[in-house]
Each structure stands twice: as C-alpha cells, then as structure tokens.
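J.: A single structure is presented below for examination.
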Amino acid sequence: MRYLLPLCIALFSLTGCQSTYYSAMETVGIHKRDIMVDRVEDAKKSQQEAQEEFSSALEALSSLTNFDGGDLEAMYKKIDDKYQDSEQAAQDVASRISAIEDVSEALFDEWQQELELYTSSKLRRDSESKLKQTKASYNDMLRAMKRAEKKMTPVLNTLRDNTLYLKHNLNANAIGSLQGEFMSLEKDISVAIKEMKAAIAESDKFLAKLQ
C-alpha cells in the first residue's frame, strides 16, 4: 500500500483539499482507515526519532560538564547541530499529530454517516459500539501525544538558550555558567521521553482497536 502514497500525494497535493485526496486514495483501494494506520505508525516513528535526537543533544551538552580545554568553536557547532536536529524532530512530531487529527475527523464522520445505511439493527448497534470504543481509544492516544508534544517545549527552550549563550560566549567562564543548566535539561528530557513512550503505548492500543 505504501508505495502508492507518494504517487497519490504528488497528484493531489496541489489541490490543498483533503477530501479530494481521500477520494483519490479510495479509487486505488486505500481507505481512510488504512491512511489512519499509516499516519499513526509515522507518528510513532517520529516520536522515537525525537527521543534519539534529544538524547543525542543531551550527550553533546554533557561534554561541557567535563570541559578541560579544547576547541570551543567546534563544541559549539556540534551542540548547535544537535539543537537544530532536535527542533526538526519536534516539528515532525507536531506535523504527524496534525495529520492524524485530519484523517480521524474524516474517518469518524464517514463511519457515523454510514450507520444510517444499515438495514440490520443488530449490525448497526455493533458498528456504533465499535465506533464509540475506537473514538475513546483515539482520544486517549491523542491526549498522550499532545502531552508528549507539550513536554518537548522546555527541552527545546533550554537547548536554544544554551546554544545561543555558547555562541556569543566562547570562553571557559561561559562553560561554567552552562554546567548548571545540564541537570535541568536532563530532567526535562527524561520527562519528555517518558511521555513519548506513553504516547507510543497508547498508539499501539489504538491500532489494535482500529485493526
């Protein structure tokens, strides 16, 4: 299924219309449920990558705590690269969450409307019950994702502050000032990673409901 996605995106991205996109995907046998699964999987991957980037940035900054002379310019460039990578990872997470919200609205609206098409009251009740359960699991997942996204903000703020300070103060005194920031950053990253892991766990639960 995935090999068709880039082609369909290329064909319909200029329209800016998600309903057109979803309709086009259905013509090649890819339904909203399939797109939802793909987007949740992509969000999981982006959160895993964000965890790795944050940990890498923390490792780069940890070198400051043991600084005993060396090339401060090279150290700054390394830390700045890690900050930029972390910021991009956080933006990717936000983008993935937004994409999930978009397809979920389309999927649940369609599901709700199609309940009226049943002639069997038993099957309609069963489908309605499944819809309610799936929505509840989705909301749990989305809340977990939003919490994790929110916890990324203090991490990025601290990384940005440290990077800017080091940029304009490439000397031993600056290193001493930044050493005190390390424990705070370590705590914030630990919290963010914990929330991302929780979001991934909720994603797995939701996918089990959806599939």
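J.: Return the residues of segment 128-144 that are within 22 Å of ASP92 (Cβ to Cβ) and basic (Lys, Arg); say none if nothing qualifies.
T.: Matches in segment 128-144: ARG143 only.
Yes/no per residue for (1) part of a helix (DSSP H, G or I); (2) within 30 Å of TRP111 (Cα to Cα); (3) touching a residue at least 12 places away in the same chain (Cβ under 8 Å):
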{"site": "THR20", "(1), (2), (3)": "yes, yes, no"}
{"site": "GLU26", "(1), (2), (3)": "yes, yes, no"}
{"site": "ASP34", "(1), (2), (3)": "yes, yes, yes"}
{"site": "ALA43", "(1), (2), (3)": "yes, yes, yes"}
{"site": "ILE79", "(1), (2), (3)": "yes, no, yes"}
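J.: Residues in segment 166-190 that are in contact (Cβ under 8 Å) with a residue 40 or more places away in the chain, surrounded by fewer than 16 Cβ atoms within 10 Å (Cβ to Cβ) and assigned to a helix (DSSP H, G or I): how many?
T.: Final tally of qualifying residues: 4.
J.: Do you know which of the residues in segment 46-68 that are charged (D, E, K, R), free of Cβ contacts under 8 Å to residues at least 40 places away in the same chain and in a helix (DSSP H, G or I) is surrounded by the fewest Cβ atoms within 10 Å (Cβ to Cβ)? Break it down stepwise before answering.
T.: If we filter segment 46-68 for residues that are charged (D, E, K, R), which is where we start, we get 49, 52-53, 59, 68.
From what is left, the residues that are free of Cβ contacts under 8 Å to residues at least 40 places away in the same chain are 52-53, 59, 68.
Cutting the leftovers down to in a helix (DSSP H, G or I) gives us 52-53, 59.
Values: GLU52: 14, GLU53: 22, GLU59: 10.
Ranking the candidates gives GLU59 first.
J.: Report, by residue number, each residue of segment 191-211 that is part of a helix (DSSP H, G or I) and of a type outside the set (A, V, I, L, M). It would help to see each step written out before you state the result.
T.: Looking only at segment 191-211, we keep the residues that are part of a helix (DSSP H, G or I), and these are 191-210.
LYS194, GLU195, LYS197, GLU202, SER203, ASP204, LYS205, PHE206, LYS209, listed by residue number.
Quick grid of which residues meet (1) more than 16 Å from ALA208 (Cα to Cα); (2) at pLDDT 95 or above:
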{"site": "LYS132", "(1), (2)": "no, yes"}
{"site": "LYS135", "(1), (2)": "no, yes"}
{"site": "TYR138", "(1), (2)": "no, yes"}
{"site": "LYS146", "(1), (2)": "yes, yes"}
{"site": "LYS150", "(1), (2)": "yes, yes"}
{"site": "THR158", "(1), (2)": "yes, no"}
{"site": "ASP161", "(1), (2)": "yes, no"}
{"site": "LEU170", "(1), (2)": "yes, no"}
{"site": "GLN179", "(1), (2)": "yes, no"}
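J.: Further, regarding this structure: Which residue pairs have Cβ atoms closer than 7 Å, lie 6 or more positions apart in sequence or on different chains, and pair a first residue in segment 107-124 that is among the basic types (Lys, Arg) with a second residue that is assigned to a loop (DSSP other than H, G, I, E, B)?
T.: ARG124/TYR118
J.: Oh, and also: Quick check on segment 145-165. Is at least one of its residues over 20 Å from GLN91 (Cα atoms) and either in contact with a helix residue (DSSP H, G or I) (Cβ under 7 Å, 6 or more places away or on another chain) or surrounded by 17 or more Cβ atoms within 10 Å (Cβ to Cβ) (or both)?
T.: yes
The values are calculated or read from the model by the stated rules, or taken from the named source; none is laboratory data. These numbers were taken from a predicted model, which means no experiment stands behind them. Every residue, glycine as well, gets a Cβ built from its backbone with ideal geometry; the counts of neighbours run over all protein chains shown.
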